[in-house]
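The values are calculated or read from the model by the stated rules, or taken from the named source; none is laboratory data. These numbers were taken from a predicted model, which means no experiment stands behind them. Cβ coordinates were reconstructed from backbone atoms using ideal geometry, including for glycine residues, and neighbour counts include every protein chain displayed. For the accessible areas, the whole protein counts, side chains as well, though only heavy atoms, and no ligand, DNA or RNA atoms are used. Shrake-Rupley method; radii C 1.70, N 1.55, O 1.52, S 1.80 Å.
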Amino acid sequence: MAANIVIGTQWGDEGKGKIIDILASRAEVVVRSQGGNNAGHTVVSNGETYKLHLIPSGILYPNTLCLIGAGVVLDPKDFVSELDGLHARGIKTDNLKIDPRAHVVMPWHITLDGLSEKFRGNSDIGTTKRGIGPTYMDKYERCGLRIYDLVHPEIFAEKARTTGALKNKIITEVYGGEAIDIEQMIAEYTEYGKILAPYVDDVSVLTFEADQAGKTILFEGAQATLLDIDFGTYPYVTSSHPLSAGVCVGSGVGPKMISNIIGVAKAYTTRVGKGPFPTELDDEIGDRIRNVGGEFGTTTGRPRRTGWFDAVIIRHSVRVNGLDGLAINKLDTLSGIGTLKVCVAYHTPDGRQIKDFPPTLEGLDGCTPVYEELPGFDEDISGCKEYSELPAACKAYIERLEELVGCKIVMVGVGPDRSQILER
Ligand code: GDP
Ligand code: IMO
Ligand code: MG
C-alpha cells in the first residue's frame, strides 16, 4: 500500500507528465485533484508523444484506474476532444472516472477569462484563457454548475438558463462583449453530458476503497507551487491549490493516506505567463535554453521565459509541500552552455541577503539573485542509463542542488522519453 504525490515545484511544465507516466507503471490508480485544461502534460513513450490536459497521465496503461477528483474544473468540450484523440490512437478510456462534484467550465467562463484579461490591459496575468479563474470564482460564489448537473439534462438546462442570463448581462453590460446563445449552448452541452455520463463516479470513495484494498495510488499534480493561489507569486498565479495538501482536499482523502511526496523541477527555471522571475535570462543563454529545451507551452504554444535554477524557490517548495524527494528533469538541456549558475539567496534592495522566498510581490521587488557558479559540461548525456555514467560536472551539479534545497534528488531526467530517467 502506497500513495505517492507528484507535484510541480516551480512555475509549471517541470516534466510532471513524464515522471507520473514512469511512476504510473507501478501504480494501480492515478488521480488528478485540481486545475483543469490549463495543464499540459507531455508523455513520450516509444517515440510517440501524448499531450494530456485533463485526463490523468496514467491513461496510457490499460489497467490503471484514472480518476478526476472533485477539485478539478472540467471543460466538457475539451474533455470530449481529448477522449476522441486518445480513442483515435487506440487508447481505451473505460478505466476513467470523474467525480460528480467537479465543476464545469462553461462557455461564459472562457469568455470572461478573455474579457477580464483584456480589461486588465498591461496588468494582465497572462492566463491560459481556459476559463479556469472564473470557474473557481463561481465555485466559491456557490453558483457553479457541477458534473452532476451536466449529466442531468433538466437540471442542467434550468441552472444554465438562470446563470447564463446573469453571465450574459456581465459580458455585455460590464465588458461590452458578445452575449452567448444560451439555448444553443444547452443543446451542445447536453450532448457532452451524454458522453460524460458513464464516466461519473464518486472519486473519494473509489480512492478510499483502492487504498483499503492495498492498491498503489499516484496523485498527479497540475500547475505548480509558485502558481498556488496562496503560496505562489500572487496575483500571477492560477486559481487552485497545486500543493501537496491540495491533493487531499481535491480528491477527498485524508492526509494520512499519503506516504511519499515527490516534487518535480527542471535543472533550470521556466515560466509561461506574466509575473516576477528573479533568475530570468534575457540573453543568448536564455534563448539557447528555450530552443534546445523546446520551451514552448504545451497548452498555448507560448514561448516560455527561461532562467537559472533558483534554490530559494525550491527550498520554499520543499517546505510548503513537505517533499520527500525531488526529480530534476532536463539536465541534458544544459549541455554545452558553459559555466552554470545557481541562485542560492536574494540580495534585497536594503542590502540584506535572504534565503526564504518573500511572501509578497512587494517583498520580492528589487531582489536580485546571489549566484554560485559551477562547472558546466559539454557531453551529450541523453543516452546515459545510470546515474554513475553521468560526467563528473553533472553529478557535482545535482549533488550541490541537493545540498542547497535540503531534499534528496531521487531522479534525474536526461531526455523526454519514459526511458530517459536515472533513478538514484
Ligand atoms: P508538465 O506540465 O510538468 O507535465 O511538463 P510539460 O509536458 O508541459 O513540459 C515538459 C517538457 O519537457 C515536455 O516537452 C517533455 O517531453 C519534456 N521533458 C521532460 N523531461 C525531460 C528531460 O529530462 N529532458 C528533456 N530534454 N525533455 C524533457
Ligand atoms: P502544467 O500542469 C505552466 C499559468 C498561466 C498563467 C497563470 C494563470 O502544465 O504545469 P490560468 O489559466 O491557470 O488562470 O493561468 O498560470 N499556468 C501554467 N503555467 N504550466 C501549467 O500547467 C500552467 N497552468 C497555468 O500561464 O501564468
Ligand atoms: Mg505543462
Q. Would a scan of region 254-272 turn up a residue that is open to solvent by less than 10 Å² (accessible area, probe 1.4 Å), at pLDDT 95 or above and in a helix (DSSP H, G or I)?
A. no
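Scan region 235-261 for residues that are of a type in the set (A, V, I, L, M) and more than 13 Å from residue 10 (Cα to Cα) and jot them down.
Of region 235-261, the ones of a type in the set (A, V, I, L, M) are 237, 243, 245, 247, 249, 253, 257-258, 261.
245, 247, 249, 253, 257, 258, 261 - these are the residues of region 235-261 that are of a type in the set (A, V, I, L, M) and more than 13 Å from residue 10 (Cα to Cα).
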Q) Within region 116-137, how many residues turn out to be within 17 Å of residue 185 (Cβ to Cβ) and surrounded by fewer than 22 Cβ atoms within 10 Å (Cβ to Cβ)? A) 0
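From 294, 301, which residue is assigned to a loop (DSSP other than H, G, I, E, B), within 23 Å of residue 335 (Cβ to Cβ) and within 12 Å of ligand 1 (Cβ to nearest atom)? Before the answer, list the steps.
Working: 301 fails: within 23 Å of residue 335 (Cβ to Cβ).
Testing whether each residue is assigned to a loop (DSSP other than H, G, I, E, B), within 23 Å of residue 335 (Cβ to Cβ) and within 12 Å of ligand 1 (Cβ to nearest atom) leaves just 294.
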Q. How many residues are over 16 Å from residue 103 (Cβ atoms), charged (D, E, K, R) and open to solvent by less than 100 Å² (accessible area, probe 1.4 Å) if we restrict to region 138-189?
A. 3
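Would you kindly identify the helices (runs of 4 or more DSSP H) lying entirely within region 120-196 that contain at least 2 residues that are under 16 Å from residue 110 (Cβ atoms)? Please lay out each step first, then the result.
Details: elements: 132-141, 147-150, 153-169, 182-196.
The qualifying helices (runs of 4 or more DSSP H) are 132-141, 153-169, 182-196.
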Q | residue 61, sole failed condition from (1) open to solvent by less than 30 Å² (accessible area, probe 1.4 Å); (2) of a type outside the set (D, E, K, R); (3) touching a helix residue (DSSP H, G or I) at 6+ places or on another chain (Cβ under 9 Å) | A | (1)
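Just checking, which of 99, 84 is among the charged types (D, E, K, R), open to solvent by less than 10 Å² (accessible area, probe 1.4 Å), closer than 24 Å to residue 192 by Cα and more than 16 Å from ligand 1 (Cβ to nearest atom)? Let's see the steps before the verdict.
Working: 84 fails: open to solvent by less than 10 Å² (accessible area, probe 1.4 Å).
When all the criteria are applied, what remains is 99.
Yes or no: region 250-258 includes at least one residue that is within 9 Å of ligand 2 (Cβ to nearest atom), within 15 Å of the chain's Cα centre (by Cα) and of a type outside the set (D, E, K, R). Please lay out each step first, then the result.
Of region 250-258, the ones within 9 Å of ligand 2 (Cβ to nearest atom) are none.
No - not one qualifying residue is present in region 250-258.
Working only within region 373-424, note down all residues that are closer than 23 Å to residue 49 by Cβ, more than 16 Å from ligand 3 (Cβ to nearest atom) and not aliphatic (A, V, I, L, M). Even if it seems obvious, please write down each step before you answer.
Filtering region 373-424 for residues closer than 23 Å to residue 49 by Cβ gives 380-385, 411-423.
From the residues that got through so far, the ones that are more than 16 Å from ligand 3 (Cβ to nearest atom) too are 380-385, 411-412, 414-415, 417-423.
Hits for region 373-424 are 380, 382, 383, 384, 385, 415, 417, 418, 419, 420, 423.
Report, by residue number, each residue of region 298-325 that is within 16 Å of ligand 3 (Cβ to nearest atom) and in contact with a Ser or Thr (Cβ under 8 Å, 6 or more places away or on another chain). Don't jump to the end; show me each part of the working.
Filtering region 298-325 for residues within 16 Å of ligand 3 (Cβ to nearest atom) gives 298-306.
Selection gives 298, 299, 300, 304, 305, 306.
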**Q.** Members of region 119-149 found to be within 14 Å of residue 70 (Cα to Cα) and hydrophobic (A, V, I, L, M, F, W, C), listed by number
**A.** 145, 147
Q.
So, residue 31, is that one assigned to a strand (DSSP E or B), surrounded by 20 or more Cβ atoms within 10 Å (Cβ to Cβ) and within 16 Å of ligand 2 (Cβ to nearest atom) or not?
A. yes
Q: Starting from region 11-27, take each residue that is closer than 18 Å to residue 305 by Cα and more than 9 Å from ligand 2 (Cβ to nearest atom) and list its partners that are part of a loop (DSSP other than H, G, I, E, B) and open to solvent by less than 10 Å² (accessible area, probe 1.4 Å), counting only C-beta distances under 9 angstrom and pairs at least six apart or across chains.
A: none
Q | Within region 206-220, tally of residues that are in a helix (DSSP H, G or I) and without any contact (Cβ under 8 Å) to a residue 24 or more places away in the chain | A | 2
(Q) Anything in region 259-289 that is within 16 Å of ligand 2 (Cβ to nearest atom) and among the acidic types (Asp, Glu)? List them, or say none. (A) 280
Q.
With the structure loaded, tell me whether residue 358 is under 30 Å from residue 121 (Cβ atoms), in contact with a helix residue (DSSP H, G or I) (Cβ under 7 Å, 6 or more places away or on another chain), without any contact (Cβ under 8 Å) to a residue 40 or more places away in the chain and open to solvent by 10 Å² or more (accessible area, probe 1.4 Å) or whether it fails that test.
A. yes
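Looking at this structure, is residue 320 buried (at least 22 other Cβ atoms within 10 Å of the Cβ) and touching a Phe, Trp or Tyr at 6+ places or on another chain (Cβ under 6 Å)? Quick ask: steps written out before the conclusion?
Details: buried (at least 22 other Cβ atoms within 10 Å of the Cβ): no; touching a Phe, Trp or Tyr at 6+ places or on another chain (Cβ under 6 Å): yes.
No: the conditions fail for residue 320.
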